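A quick write-up on the structure given underneath.
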Amino acid sequence: MSRVVVMKKKKNRFAEAPVFTEKKEYRPDGVKETGLAFVGHEISEDGNVMNQFLHYDQLYTIRHGRNSRFFKGLLDGKIWGTQCPKCGDTWVPVRSHCWNLDCNLEKTEWVEMPLTAKVHTWTIAGWSGRSSLRRLPIVLVYAVIGDSKVAIANELHGIDPWDVEFGMSLKIVFKPKEERIGAVTDFHFEPADDWGPSLMNGEKKRIKELVEPVYEWVKTLK
Ligand SMILES: [Zn+2]
């Protein structure tokens, strides 16, 4: 007796592989990947303890997939957001599908955002990794770009740390085109052109006293 097996045509799980036609390398001199390598060891005087040293570096690929236009937009000095065609909600950082239950995971569409934002919340960093030490104290804000429903983090420049306020108007400032790499560090926030600091008050004074030693310390960095 023979059995009949019906083969259903499988739905393609992945999109067509893209053809990449533009590639840019901006690797600093002397950076090369060797992967995981044992680079040495040490043994204690009594011979009872051994430590081994591993060096690990690797080339990483960040595949942005459906979110790619946001990162490509940074290269062009533009901020792209996504918007739900059903309810109109907008997001930067982007969402590929709507978050509202009634929209049933509706696929979002791309919208170019204005280069203006408002402070949602902020913090003042008085310490950092080696690469940012000289920029201390750093004002980090979560800011709402245009009418986005979510906030995006970035540095706020051109302001004394004690003058930042909730809801203050910001503009987005991009690095020169030749310095951009398609990362969020391609831009930072600055106060809007018509912004001016409010008068000194008790809370501002408190922050100023906390921050001043950081300024003094940074001056000692060579
Ligand atoms: Zn929606």
Among strands (runs of 3 or more DSSP E) entirely inside the stretch 8-118, those with 3 or more residues being surrounded by 10 or more Cβ atoms within 10 Å (Cβ to Cβ) and within 16 Å of the ligand (Cβ to nearest atom) are 80-83, 109-112
Meets criteria (open to solvent by 30 Å² or more (accessible area, probe 1.4 Å) and on the phi < 0 side of the Ramachandran plot) for Pro191:
no
All positions within the stretch 169-188 that are over 22 Å from Ser128 (Cα atoms), open to solvent by 70 Å² or more (accessible area, probe 1.4 Å) and basic (Lys, Arg)
Lys177
Within the stretch 202-222, residues open to solvent by 60 Å² or more (accessible area, probe 1.4 Å) and closer than 10 Å to Trp162 by Cα come out as Glu203, Lys205, Arg206, Lys208, Glu209, Leu210
Of the residues Gly73, Gly77, Gly129, Gly88, only one is at positive phi and without any contact (Cβ under 8 Å) to a residue 60 or more places away in the chain; which?
Gly88
Out of the stretch 139-168, which residues are more than 17 Å from Lys204 (Cα to Cα), assigned to a strand (DSSP E or B) and open to solvent by 40 Å² or more (accessible area, probe 1.4 Å)?
Tyr142, Ala153
Being of a type in the set (A, V, I, L, M) and in contact with a helix residue (DSSP H, G or I) (Cβ under 7 Å, 6 or more places away or on another chain) is the filter here; which residues of the stretch 68-87 pass it?
Leu74, Ile79
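The values are calculated or read from the model by the stated rules, or taken from the named source; none is laboratory data. Note that the structure is predicted; figures quoted are calculated from it, not measured. With ideal geometry, Cβ positions are generated from the backbone for all residues, glycine too; neighbour counts draw on all protein chains shown. All accessible areas refer to the heavy atoms of the entire protein, side chains included, with ligands and DNA or RNA removed. Shrake-Rupley method; radii C 1.70, N 1.55, O 1.52, S 1.80 Å.
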